[in-house]
1. As a quick test, which of the pairs 107/181; 12/103; 126/163; 49/181 have an alpha carbon distance above 24 angstrom in this structure?
2. Kindly rank 129-139, 111-121, 55-65 from highest to lowest mean number of other beta carbons found within 10 Å of each residue.
3. Round to the nearest 0.05 the FRET efficiency obtained for residue 28 and residue 163 when R0 = 30 Å and r is the Cβ-Cβ distance.
4. For the stretch 84-99, take each phi angle, set θ = phi - 60°, evaluate the Karplus expression 6.51 cos²θ - 1.76 cosθ + 1.60, and give the result in whole Hz per residue in order, putting x for glycine and proline.
5. Expressed as a whole percent, how much of the Cα-Cα distance distribution for the stretch 71-123 exceeds 18 Å?
6. Grab the beta carbon distance between residue 16 and residue 50, set R0 = 35 Å, and tell me the FRET efficiency rounded to 0.05.
7. Could you check the simple spin-label distance between residue 42 and residue 118, using points 7 Å along Cα→Cβ, in nm with one decimal?
8. Got the relative contact order for the stretch 72-119 handy, in percent, Cα pairs under 8 Å and 6 or more residues apart?
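Just so you know, all these numbers are worked out from the coordinates, no wet-lab data involved. In this text the structure is predicted, and so the values were computed from the model without any measurement. In this analysis, Cβ positions are derived from the backbone assuming ideal geometry, glycine residues included, and neighbour counts consider all displayed protein chains.
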Amino acid sequence: MVFERELSIKEKKIIAKIIAFVQDKHNRCEGHDYSHILEVTRLSAMIGKRIKERADPFVTICGALLHDIGRINAPNGMFHGIDGGSRTEEFLESFIEDDYVIKQITKVVVRHTPTSMIPPQTANEKIVFDADTIERLALMGMIRGIMGKTGTMEFIIVNKIGKRLADYNKLYFAESKKIAKPLFEETKKFAQRLKIALDKRKREISEVTMGDINQPQIKIKSFMKKLDNLTG
């Protein structure tokens, strides 16, 4: 089991310092806020306790806490993994003496996102990648994913939410898929309900706007009658 060993007192103090740092930064961050960081860290610990592969609990927890530090004051998230790696290294060098440990944590941050185009290799890296992916599959993660997105409702439902659902098959560990399954099913049902509602609206719009263009008043009266039925 990955997290059989207990963290040392020194490691706990370092984690406390990192928590204070990310809380201060992410409390002012929209979307990927402090609650997202805590949830990814919680999921990382859960995955780490269930998988057979060995990983370092200190590296994994620190990487999970710092994984989105590259999003702070960034115009978009395209480089947040790579930028976050640079920020992580600079920050950790101020109080961690072990360069190897710093490098391992930095790699977790860089490789937790597909936007870095550097796939995770170690168990530490895969755990945080999976944890972040699972959080995106939940309803709150899905809502965060469409915040501020432009385009039609159909585009957002099919492209944005559909892309989120496809992330389920990108999870590395079988245990991760077990954890993600109920969240995936919940979000899939919600997306299906949105699609049904969208199709219904499109049909209603078509009924109002498409018809006999030589008799526009009849179509307007028909539409007003539907409104009366709904509101009367």
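1. 107/181
2. 55-65, 129-139, 111-121
3. The calculated FRET efficiency here is 0.65.
4. Ordered by residue, 3J(HN,Hα) equals x, x, 5, 5, 4, 4, 4, 5, 5, 5, 7, 8, 10, 8, 7, 4 Hz.
5. On the way: 430 of 1378 pairs.
It works out to 31 percent of all Cα pairs.
6. Working: r = 25 Å, r/R0 = 0.72.
E between residue 16 and residue 50, to the nearest 0.05, is 0.85.
7. 3.0
8. 46
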